[in-house]
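Trainee: Pasting a structure here, questions to come.
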Amino acid sequence: MTAPRATGRCLCGAVTYEVRGRLRDVVICHCVECRRWGGNAGAFAAALDDDLVVRGEALRWMDSPDSNRNARRAFCAECGSSLFWKAADLERTGIAVGSLDAPTGLRVAAHIYTHQAPDWDALPTDGLPRDPEAGSIDLRWT
């Protein structure tokens with residue numbers, strides 16, 4: 001069995017996971033859904049579905065009612081930690097980077113849905129690519 005590239009868990013440890021392949025660098029999403037899901041902009045890496053091994057019976061998936069991509073989100077039913085994001089048309093799963101164990105070797109690569117950022121969100125002037133939607137940014141996998 002391949003050694004994990006990365007590991008992570010929810011706050012209480014009822015859900016753990018391993019990534020056994022590449023990780024995509026971090027995308028900061030400023031959409032309304034991510035803000036409502038996690039209380040602020042979402043920060044997600046991603047792994048191919050076949051490379052993500054999740055353990056724990058507390059993992060729950062829910063449909064994102066506002067999603068235009070038939071997205072689903074996963075969380076721990078014990079502690080409420082937001083863990084994953086999955087669009088139906090993709091073969092990869094977004095991973096909430098705050099749930100990854102350090103060190104990750106990842107970097108922030110882009111900001112998306114910046115047109116939905118609220119008035120209090122001081123978008124950084126970091127020079128990273130920005131996309132008002134999410135389709136035009138070429139993202140690096142580590």
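Trainee: In this structure, does GLU33 turn out to be open to solvent by 10 Å² or more (accessible area, probe 1.4 Å), more than 24 Å from ILE112 (Cα to Cα) and in contact with a Ser or Thr (Cβ under 7 Å, 6 or more places away or on another chain)?
Mentor: no
Trainee: From the list ALA102, ALA88, which one is open to solvent by 70 Å² or more (accessible area, probe 1.4 Å), closer than 24 Å to VAL15 by Cα and modelled with pLDDT under 90? Don't jump to the end; show me each part of the working.
Mentor: Working: ALA102 fails: modelled with pLDDT under 90.
Result: ALA88 is the single residue among ALA102, ALA88 that is open to solvent by 70 Å² or more (accessible area, probe 1.4 Å), closer than 24 Å to VAL15 by Cα and modelled with pLDDT under 90.
Trainee: Take the stretch 83-102 and flag every residue that is among the small types (Gly, Ala, Ser) and outside any loop (DSSP other than H, G, I, E, B).
Mentor: Passing the criteria: ALA87, GLY94, ALA96, GLY98, SER99.
Trainee: Kindly establish whether LEU59 is out of contact with any helix residue (DSSP H, G or I) (no Cβ under 7 Å at 6 or more places or on another chain), within 13 Å of ALA96 (Cα to Cα) and not aromatic (Phe, Trp, Tyr).
Mentor: no
Yes/no per residue for (1) under 11 Å from the mean Cα position of the chain (by Cα); (2) modelled with pLDDT of 90 or more; (3) in a strand (DSSP E or B):
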| position | (1), (2), (3) |
| --- | --- |
| GLU33 | no, no, no |
| ASN40 | no, yes, no |
| ALA43 | yes, yes, yes |
| ALA46 | yes, yes, yes |
| ASP50 | no, yes, no |
| VAL54 | no, yes, yes |
| TRP61 | no, yes, yes |
| ASN68 | no, no, no |
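Trainee: While we're looking at this one, here's another question. Suppose we keep only residues that are open to solvent by 40 Å² or more (accessible area, probe 1.4 Å) and among the β-branched types (Val, Ile, Thr) within the stretch 105-130. Which one would you say is farthest from the chain's Cα centre (by Cα)?
Mentor: The residue in question is THR125.
Trainee: Output the number of residues of the stretch 14-30 satisfying the condition of being in a strand (DSSP E or B) and within 27 Å of TYR113 (Cα to Cα).
Mentor: Filtering the stretch 14-30 for residues in a strand (DSSP E or B) gives 16-19, 24-29.
Going one step further and asking which of them are within 27 Å of TYR113 (Cα to Cα), we end up with 19, 24-29.
Within the stretch 14-30, residues that are in a strand (DSSP E or B) and within 27 Å of TYR113 (Cα to Cα) number 7.
Trainee: Checking ALA3 against (1) open to solvent by 50 Å² or more (accessible area, probe 1.4 Å); (2) touching a Cys at 6+ places or on another chain (Cβ under 7 Å); (3) among the small types (Gly, Ala, Ser), only one condition comes out false. Which one?
Mentor: With (1) open to solvent by 50 Å² or more (accessible area, probe 1.4 Å); (2) touching a Cys at 6+ places or on another chain (Cβ under 7 Å); (3) among the small types (Gly, Ala, Ser) applied to ALA3, the lone miss is (2).
Trainee: Moving to a separate point now. Provide a single number: the residues in the stretch 36-57 that are over 21 Å from ARG107 (Cβ atoms) and either of a type outside the set (A, V, I, L, M) or surrounded by 18 or more Cβ atoms within 10 Å (Cβ to Cβ) (or both).
Mentor: Residues meeting the conditions: 8.
The values are calculated or read from the model by the stated rules, or taken from the named source; none is laboratory data. What you see is a predicted model, and the numbers here were worked out from it, not measured in a lab. Quick reminder, even Gly has a Cβ in these numbers, built from the backbone with ideal geometry, and neighbours come from all protein chains shown. To get the accessible areas, we keep the full protein, side chains included, count just its heavy atoms, and leave off ligands, DNA and RNA. Shrake-Rupley method; radii C 1.70, N 1.55, O 1.52, S 1.80 Å.
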